[in-house]
Amino acid sequence: MSHAAVTPPYFATVRSAGDRPAQGKNAKAKTARTRRSSGGAPRGFGGERKEPRWQCVQGCGACCKLEKGTAFPTPEEIFQDPSDVQLYRSLIGPDGWCIHYDKTSRTCSIYSDRPYFCRVEPEIFQRLYGIDKKRFNKEACSCCRDMIKSVYGSRSEELESFDRAIKSASSS
Ligand code: SF4
Ligand code: SF4
């Protein structure tokens, strides 16, 4: 497995200012779907909508910024198990980034041993957010876009690079 792509924690989902804190699994699922990116699925020939195919891109790392700010759900709102909250919080460095994130290479230094919640997989999305596996690709793409915008900006090279990768993966 590639070491370069970090594919980390996904509480990436931006929460709109008007949202109340979510409680319980269903509420989390609602939170996870709040305020989606406007990017949407790429269009194929003839204008038909194609389902995006999620993939992580090298040189991003946006989701390893663990202190995500008030627009995102807190770990307490995401996790039901207090030990997950504790683990998540123990990873946050003084600058808000994960202590295992190598900023120079933009990679995870414990990639093969990273916590389960750092794994962007349909099962994890279902478990944490109650998102149906059929919706995984779409939701994962939206999560990435939200996080990249939050960390690097909505006109960033990182966002362009992500959109290009998804477009290419989705049309192949
Ligand atoms: S935000 Fe998405 S593309 Fe960027 S490192 Fe995280 S999983 Fe990969
Ligand atoms: S352990 Fe840290 S650096 Fe590694 S994927 Fe998770 S958040 Fe990112």
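Read-outs throughout are calculated quantities, based only on the coordinates presented, and are distinct from any laboratory measurement. Bear in mind the structure is a predicted one, so any value in this text is a computation, not a measurement. Counting neighbours? That spans all protein chains shown, and the Cβs are built from the backbone with ideal geometry, glycine included.
Output the pairs from Lys68/Lys138; Lys65/Lys134; Lys103/Lys149; Lys134/Lys167; Lys65/Lys149; Lys103/Lys134 with a Cα-Cα distance over 23 Å in this structure; if there are none, say none. Kindly include the intermediate steps, with their values, before the conclusion.
Numbers: Lys68/Lys138 21 Å; Lys65/Lys134 27 Å; Lys103/Lys149 18 Å; Lys134/Lys167 19 Å; Lys65/Lys149 12 Å; Lys103/Lys134 33 Å.
Listed pairs above 23 Å: Lys65/Lys134; Lys103/Lys134.
Let me check I've understood the local charge: for Gly96, count other residues with C-beta under 11 angstrom from its C-beta, Lys and Arg +1, Asp and Glu -1. What total comes out? Intermediate values should be presented prior to the final figure.
On the way: positive: Lys65, Lys68; negative: Glu67, Asp95.
Local charge sum for Gly96: 0.
Of Glu51, Glu139, how do they rank once you tally other Cβ atoms within 10 Å and put the fewest first? Could the numbers behind the result be given before it?
Details: Glu51 13, Glu139 23.
So the ranking, lowest neighbour count to highest, is Glu51, Glu139.
Fewest to most neighbouring Cβ within 10 Å: what's the order for Asp84, Asp113, Asp146, Asp132? Mind dumping the intermediate values first?
Details: Asp84 17, Asp113 9, Asp146 23, Asp132 12.
Lowest count first: Asp113, Asp132, Asp84, Asp146.
Give me Arg119, Arg145, Arg155 sorted ascending by neighbouring Cβ count inside 10 Å, so fewest comes first. Numbers along the way, then the final one.
Details: Arg119 14, Arg145 23, Arg155 8.
Lowest to highest Cβ neighbour count: Arg155, Arg119, Arg145.
If Lys and Arg each add +1 and Asp and Glu each add -1, what is the summed charge of the other residues whose beta carbon sits under 14 Å from the beta carbon of Arg114?
Every neighbour counted, the sum reads -3.
For the residue pair Ser156 and Ser112, what label-to-label distance in nm results when each label sits 7 Å from Cα along the Cα-to-beta-carbon direction?
Rounded to a tenth, the inter-label distance reads 2.9 nm.
To the nearest 0.05, what FRET efficiency results for Glu67 and Arg127 with a Förster distance of 22 Å applied to their C-beta separation? Before the final figure, lay out the partial values.
Working: r = 23 Å, r/R0 = 1.05.
Once rounded, the FRET efficiency stands at 0.45.
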